[in-house]
Amino acid sequence: MMTRLTPDMIKDVPEDKIDLDTRLMQAAGKTVKGIALEAAGLPEDTDLSGFKVAVVPITSGLGIISGFSASVDAIVKRLGMDSHVTQGTDVNGFTEAVREGADIIMMADDNMFIAYNVREMRETDNSWGTARGYAVALKNAAGGLEGKKVLVIGAGMVGSWAVRFLMDMGADVYVTDIVYEKAERLSQYGAKPLRDVSKAISENTLLLNAAPFIIPGEIIAEGSIFSSPGVPHYFDQVGRSRAKAIIHDPLEIGAAVMAVNSAGYSIKKE
């Protein structure tokens, strides 16, 4: 199940009040768009302006999260795409997007958040996009991961994808989870499971936190780099003082990778 965001978590996204590009440049040397293009395997100068994106509000399940569609729309616009939120919701909104000629449709319910490429009939989901984006961000912040030890915290959907991406980047991947058996299952991809979560965190300095786990500052090693999509997200003052970099946002990196990767299905076919 997708972690359900709250309006308070994403209230700063539409106007980019967290100034994510500046923070990412300082930590990883790339903007959100730069990370998304790398994650999608596209050149840095790729022009995305030819893609029309429709964001469809979904009312099923627990219903619309206030500000979610507007946030996704703003994120996609910052990538240079032509984006809008549909007037209709649910199936009506999807139909509206198709009839208006959208190239990519983005929508989320309680379980899935996807970017659907209408031309190619292919989708990119948020777990993949978030894991991919944060793995790329960690790689850039660390100056490459070849032969370096990386700890993935959380063996859920995002953590499982992250393990595979980090392995592909040449990292020596360890994984920990409060349910040890979940971490153990990821050994099929070559990751090494660790049982003691706190000990694992204290002994590593390159970490991808894919768990809704509030990490106490006293267990964070000096000079740690955290790529941290997990929500709720909180680092105390001790943790922030010890960490070299903490890369986090509630929505933008994952959504940007989804949109760009979806566009990539068409670009790579040309």
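The values are calculated or read from the model by the stated rules, or taken from the named source; none is laboratory data. Not measured: the values here are computed from a predicted model. Neighbour counts are summed over all protein chains in view; Cβ atoms, including those assigned to glycine, are modelled from backbone coordinates with ideal geometry. Remember, those area values only see protein heavy atoms, side chains included, never the ligands or the DNA or RNA. Shrake-Rupley method; radii C 1.70, N 1.55, O 1.52, S 1.80 Å.
For the stretch 61-183, the square roots a ≥ b ≥ c of the C-alpha gyration tensor eigenvalues yield an a/c of 1.5 or more together with a/b exceeding b/c, which makes the shape prolate.
Beyond 25 Å, the tail of the calculated P(r) for the chain holds 43 percent of the Cα pairs. Taking Lys and Arg as +1 and Asp and Glu as -1, the other residues whose beta-carbon sits under 14 Å from that of ASN204 total +2. Look at where the Cα atoms of the stretch 97-143 and of the stretch 179-193 average out, and the two centres are 26 Å apart.
Per residue of the chain, the DSSP helices (runs of n ≥ 4 H) give a summed -39500 (n - 2.57) that works out to -11000 deg cm²/dmol at 222 nm. Surface composition of the stretch 36-130: carbon and sulfur make up 52 percent of the accessible area, probe 1.4 Å. In this structure the chain gives 44 Å² per residue of accessible area when probed at 1.4 Å with all protein chains present.
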